[in-house]
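Trainee: Sharing a structure here in structure tokens format.
A short reminder: the numbers here are calculations on the coordinates, not readings from a lab. Note that the structure is a prediction, hence the values are computed from the model and not measured. Glycine also receives a Cβ, built like all others from the backbone with ideal geometry; neighbour counts cover every protein chain displayed.
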Amino acid sequence: MTPDLFDAGTERLATHQARAVSEVTSGDRSAGFSRVHEAGSLDLTHGRILYLEDVHVSFDGFKAINGLSLDIAPGELRCIIGPNGAGKTTMMDIITGKTKPDSGQVFFGSTIDLLRHNEPEIAQLGIGRKFQKPTVFEHLSVFENLELALKTHKGVAASLFFQLNGAQRDRVREVLYTIHLEGSVKDQAGNLSHGQKQWLEIGMLLMQDPKLLLLDEPVAGMTDFETERTAELFLSLKGKHSLMVVEHDMSFINTISDIVTVLCDGSVLAQGTLAQVQADERVIEVYLGR
Ligand SMILES: Nc1ncnc2c1ncn2[C@@H]1O[C@H](COP(=O)(O)OP(=O)(O)O)[C@@H](O)[C@H]1O
Ligand SMILES: [Mg+2]
């Protein structure tokens, strides 16, 4: 592919990505949150961006996920809590295509059956995942890490010719502010604090403008200050993206949560506001009371 053609491609991509949510209409009505009308695109007409029903997974006969049903609304920030071994990480493995369930349904929007897609396809569909440990490129700068996040879906040859266009530069700048790293653009990622590395990795996910973000214990190992900034960050992402956040830090959950889902033994034990689930005897017994 010539650089010219490639530029045209990135322009098209940028235009596509820049298409504002509010510009989308359907039959003279403005369409729902992040509803883009293209073949295979996300259909949010039923008010759910993620839908799991009666999902089961066994590992050598052990039921890690056992009749799990759950759904998340577009723009929602859902918190997931529960004891170690409850199946929280396995649930994320299922949503992202890393683990195939034995039975059950997993849908992205109303029409995309995630069980028919593999891991890279699911990432392309707009589901980003943050693992527990930060995985930034330590020898590259903050800027280069974010730049690289735009290239990951391109071939090697395309990456060699890759140059950010104006819209992409703006996007990098916007993400730098969102993740509080605007003052560290040129710093080598390896020199950042643990919390800053976590933010950078979240920034790398944001560069791909995911519709749904899955975050597994994002504030583990952070200082109190970093944890507070992360809460602000997540609250600022709510509404623009849907988020599923697994955490044990109750004061963090208290700051960011609307609805909290408690997982235990591979299914939902309780769901409600943090105050409601904290008052639930069964939740106290299996998790909070210990
Ligand atoms: N690949 C696997 N093979 C065997 N057992 C697994 C595998 N992944 C998870 N498990 C088991 O499934 C259960 C749920 O694990 P996990 O989803 O990591 O829990 P959580 O994240 O809630 O702590 C645990 O008992 C764990 O040992
Ligand atoms: Mg886990």
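Trainee: First select every other residue whose beta carbon is under 11 angstrom from the beta carbon of Lys98; then total the charges, Lys and Arg +1, Asp and Glu -1.
Mentor: Values: positive: Lys100, Arg129; negative: Asp93, Glu119.
Overall, the nearby charge balance is 0.
Trainee: While we're here: If we count every other residue with Cβ under 15 angstrom of Glu76's Cβ, Lys/Arg +1 and Asp/Glu -1, where does the sum land? It would help to have the intermediate numbers written out before the result.
Mentor: Details: positive: Arg48, Arg78, Lys211, Lys238, Lys240; negative: Asp71, Asp258.
Here the charged neighbours net out to +3.
Trainee: Within straight cross-link reach of Lys98, meaning Cα distance under 18 Å, which lysines are found once same-chain residues fewer than 8 apart are removed?
Mentor: Straight-line reach from Lys98, under 18 Å: Lys63, Lys88, Lys130, Lys133.
Trainee: Let me ask something additional. Please give the contour-minus-distance gain from Ser236 to Met250: 0.36 nm per residue of separation, less the Cα-Cα distance, rounded to one decimal in nm. It would help to have the intermediate numbers written out before the result.
Mentor: Values: separation 14, 0.36 × 14 = 5.04 nm, distance 1.93 nm.
Extra length from Ser236 to Met250 when fully extended: 3.1 nm.
Trainee: Also, quick follow-up: Specify the inter-centroid distance of the range 161-232 and the range 40-102, based on alpha-carbon positions, in whole Å.
Mentor: Value for the Cα centre distance between the two parts: 25 Å.
Trainee: Further question: If r is the Cβ-Cβ distance from His46 to Ile284 and R0 is 41 Å, what FRET efficiency results, to the nearest 0.05? Before the final figure, lay out the partial values.
Mentor: On the way: r = 34 Å, r/R0 = 0.83.
Once the sixth-power term is evaluated, E becomes 0.75.
Trainee: Could you list the trypsin sites (Lys or Arg not before Pro) in the range 99-144 that lie in coil according to DSSP, counting only those with at most 15 other Cβ atoms within 10 Å of their Cβ? Mind showing how you got there, number by number?
Mentor: Working: sites: Arg116, Arg129, Lys130; in loops: none.
In loop regions of the range 99-144 (DSSP not H, G, I, E or B), there are no sparsely surrounded trypsin sites (Lys or Arg not before Pro).
Trainee: Follow-up. Given labels modelled 7 Å from the Cα in the Cβ direction, how far is it in nm from Arg116 to Glu138?
Mentor: With each label placed 7 Å out from Cα toward Cβ, I get 4.3 nm.
Trainee: Next question. Go through the range 36-121 and name the GluC sites (Glu not before Pro) that are in a DSSP coil and have 13 or fewer other Cβ atoms within 10 Å of their Cβ.
Mentor: On the way: sites: Glu38, Glu53, Glu76, Glu121; in loops: Glu38, Glu76.
Here the sparse-neighbourhood loop sites are Glu38.
Trainee: Between Val185 and Asp265, what is the label-to-label distance in nm when each label sits 7 Å out along the Cα-to-Cβ direction?
Mentor: 5.5 nm
Trainee: Neighbour counts of other C-beta atoms within 10 Å: give me Phe62, Phe143 arranged from fewest to most. Please list the in-between numbers first.
Mentor: Numbers: Phe62 10, Phe143 18.
Ascending number of Cβ neighbours within 10 Å: Phe62, Phe143.
Trainee: For a quick check of your reading of the filter: which trypsin sites (Lys or Arg not before Pro) in the range 202-251 sit in a DSSP loop and have no more than 16 other Cβ atoms within 10 Å? Intermediate results must be reported in sequence, preceding the final value.
Mentor: Working: sites: Lys211, Arg229, Lys238, Lys240; in loops: Lys211, Lys240.
Counting only loop positions with at most 16 other Cβ atoms within 10 Å, the trypsin sites (Lys or Arg not before Pro) in the range 202-251 are Lys240.
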